[in-house]
Amino acid sequence: MSAQPLSLAGVMMFAAVPAVAVVLGGVVAAVRTPGPKVQSAVQHIAAGVLFAALATELLPDVIHRRLPWVTLGGFALGVVAMLLLKALAKRLEEREEKTATPSGLPTSLLLASALDIALDGLLIGVSFAAGERQGLLITIAMTLEVLFLGVATAAAMRGPRAGRLVLATTITFAVLLTAGAGIGAYFLAAASPIVLDGVLSFGVAALLYLVTEELLTEAHEVDETPVLTSMFFVGFLALLMIEMMV
């Protein structure tokens, strides 16, 4: 594939794949929530895929630009942003527990997930701004990640209207993701190397946080088995093979 940025229409077409995945994950889980081991397996695979995308595409791209101070600044901002997001989610969760209003709508989880998925969309757009191959691989990785996000959203909702709430929420997530991808692609398609390097470094930090502090942490909440552990390497190898064939 070409290393040139893809058109905005092309980016939106690719971004539609994870957008559909988050809705599909939520709807399927609302009908029948997967068991803990199935969820853990999906999380391991998604973590492996994201790690492969980082190791084979984003990190080498950042290194080859040779802008160490820009990389440092963008990476530091990414770490700070993710830590602030975690702190915000924790604070909202504590406030929700104090009010103890059984609405069936986990506000803290939904807000944190909405910010997370908007950032995911932005990273898809930024990746396509760096090159079509990078964008394709990041899109594949994000599709698996948001598929689990849809499942987690459905699992967290309770009550007689849970099905409608899941559908409305995951559609909102899909809109946020495609909007983020469009913004990233439109505003960064002709960005200078300095700006692009800073944004990519920000994305590297965000994805590393997602893999280590969210996906793998939650995946390890069930008893580990050799099969579950191997799923991380299956995901990593799968994306590596795709990249070699692309």
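How would Asp61, Asp120, Asp223 line up by accessible area, probe 1.4 Å, largest first?
On the way: Asp61 25, Asp120 5, Asp223 125 Å².
Of Asp61, Asp120, Asp223, the descending order of accessible area is Asp223, Asp61, Asp120.
May I have the pair-distance distribution P(r) for the stretch 1-97, computed from all Cα-Cα distances with 5 Å bins from 0 and rounded to whole percent?
Distribution as computed: 2, 9, 8, 13, 18, 22, 14, 8, 4, 1, 0 percent.
Accessible surface of Met13 in the full protein assembly, 1.4 angstrom probe, to the nearest 10 Å²?
Rounded to the nearest 10, that gives 120 Å².
Please compute, for the alpha-carbon atoms of the chain, the extent along each of the three principal axes and give them in descending order in Å.
Taking max minus min along each principal axis of the Cα atoms, the chain gives 52, 38, 32 Å.
With θ set to phi - 60° and the Karplus curve 6.51 cos²θ - 1.76 cosθ + 1.60, what are the ³J(HN,Hα) couplings of the stretch 68-85 in order, to the nearest whole Hz, using x for Gly and Pro?
Calculated HN-Hα couplings, in order: x, 6, 5, 4, 4, x, x, 5, 4, 5, x, 5, 4, 4, 5, 5, 5, 4 Hz.
Can you work out the accessible area per residue across the chain, with the rest of the protein chains kept in place, probe 1.4 Å, in square angstrom? Walk me through the intermediate numbers first.
Working: 12220 Å² over 246 residues.
Dividing the accessible area of the chain by its residue count gives 50 Å².
Just from its helices, what would the mean residue ellipticity at 222 nm be for the chain, if runs of 4 or more DSSP H residues each count -39500 (n - 2.57) and the sum is divided by every residue, rounded to the nearest 500 deg cm²/dmol? Intermediate values should be presented prior to the final figure.
Numbers: 10 runs with 198 residues, N = 246.
Mean residue ellipticity, 222 nm, calculated: -27500 deg cm²/dmol.
Return a whole-number percent for the relative contact order of the chain, with Cα pairs under 8 Å and 6 or more residues apart as the contact set.
Details: 376 pairs, mean separation 111.8, N = 246.
Across the chain, relative contact order equals 45 percent.
Restricting to DSSP loop positions (anything but H, G, I, E, B) with no more than 16 other Cβ atoms inside 10 Å of their own Cβ, which trypsin sites (Lys or Arg not before Pro) remain in the stretch 115-197?
Values: sites: Arg133, Arg158, Arg161, Arg164; in loops: Arg158, Arg161.
The qualifying sites are Arg158, Arg161.
Report Rg/Rh for the stretch 134-188, rounded to two decimals, where Rg is the Cα radius of gyration and Rh the Kirkwood radius.
Values: Rg = 13.6 Å, Rh = 12.5 Å.
Rg/Rh for the stretch 134-188 comes to 1.08.
Measuring from the lowest to the highest alpha carbon on each principal axis, how far does the stretch 111-246 reach, largest first, in angstroms?
Dimensions of the stretch 111-246 along the principal axes of its Cα atoms: 49, 37, 25 Å.
How large, in percent, is the carbon and sulfur part of the accessible surface of the chain at a probe radius of 1.4 Å?
Working: 8720 of 12220 Å².
It is 71 percent, rounded to a whole number.
Which FRET efficiency value, to the nearest 0.05, is calculated for Arg91 and Tyr186 with the Förster distance at 30 angstrom and r the Cβ-Cβ distance? Spell out each step's value before the answer.
Details: r = 33 Å, r/R0 = 1.09.
With a Förster radius of 30 Å, E is 0.35.
Given the convex hull over the Cα atoms of the stretch 191-246, what projected area results after averaging over all orientations, in nm²? Display every interim value, and only then the final one.
Details: hull surface 21.0 nm².
Quarter of the Cα hull surface area: 5.2 nm².
The values are calculated or read from the model by the stated rules, or taken from the named source; none is laboratory data. Just so it is clear, the structure is predicted and the values come from calculations on it, not from any experiment. Reconstructed Cβ throughout: ideal geometry from the backbone, glycine too, with neighbour counts over all protein chains shown. Accessible surface is based on the protein model in full, side chains and every heavy atom, while ligands, DNA and RNA are left aside. Shrake-Rupley method; radii C 1.70, N 1.55, O 1.52, S 1.80 Å.
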